[in-house]
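Derivation of every value follows stated rules applied to the coordinates shown; laboratory data play no part. Everything quoted here is computed from the prediction, not taken from an experiment. Neighbour counts are summed over all protein chains in view; Cβ atoms, including those assigned to glycine, are modelled from backbone coordinates with ideal geometry.
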């Protein structure tokens, strides 16, 4: 027990040190025009999964953070005949949402917005996946059981570009003992661009945060 705690602490410290080194390297590279473009493009590319050729799937699932970009891509996949079914994670109300509801004001959560948008895009077969909190790890916990319950053997999970690599790692671990075939699709409508992500503040922040999370996930699960 003591050895496992020490080992976990060592991995966490090593992960923190690696992140500090990565952050310093990114800042340094931004200041060196002659080498920064190639290396920063490569760093951005680490976050994005390659396009996967998929002919069909039982269901298309929108990741929790896919937003409008995911909705558009899911509709495109339906119209291409990949699947006629789209699943959306429920969006449980937080304290602010509950206050709006308490006051009797109209309220539409993210899941309801996505459902309405899909219907306007001529997608009618929509399912809701129950969840209690947000987070990629919880997606990995929910999907295997949900797929088994509904008899789905192949899914396409649509997410944002910057989140696609880490989410692929998480879901492959969670589905390792399952017969469900997973394909992660990075929405082309996502605003994150691996070739220019460092050129504006919002995209730079997104890239750094996701690189940190990907690095930590790689340290914690090096064989994913």
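Points to keep in mind about this one:
- Separation of the residue 42 and residue 148 label points, Cα + 7 Å toward Cβ, nm: 4.2
- Enclosing the Cα atoms of segment 59-186 in their convex hull gives a volume equal to 105 cubic angstrom per residue.
- Under the simplified labelling scheme, the residue 137-residue 90 pair shows an inter-label distance of 2.2 nm, with each label point 7 Å from Cα along Cα→Cβ.
- Of interest is the spacing of the C-alpha centroids, which for segment 183-224 and segment 78-98 amounts to 22 Å.
- Computed packing ranks the peptides 99-110, 202-213 as 202-213, 99-110, most packed first, by mean other Cβ atoms within 10 Å.
- Gain on full stretching of the segment that runs from residue 181 to residue 55 - 0.36 nm per residue minus C-alpha separation: 44.1 nm
- Inter-site label distance for residue 220 and residue 128 at 7 Å from Cα along Cβ, in nm: 2.9
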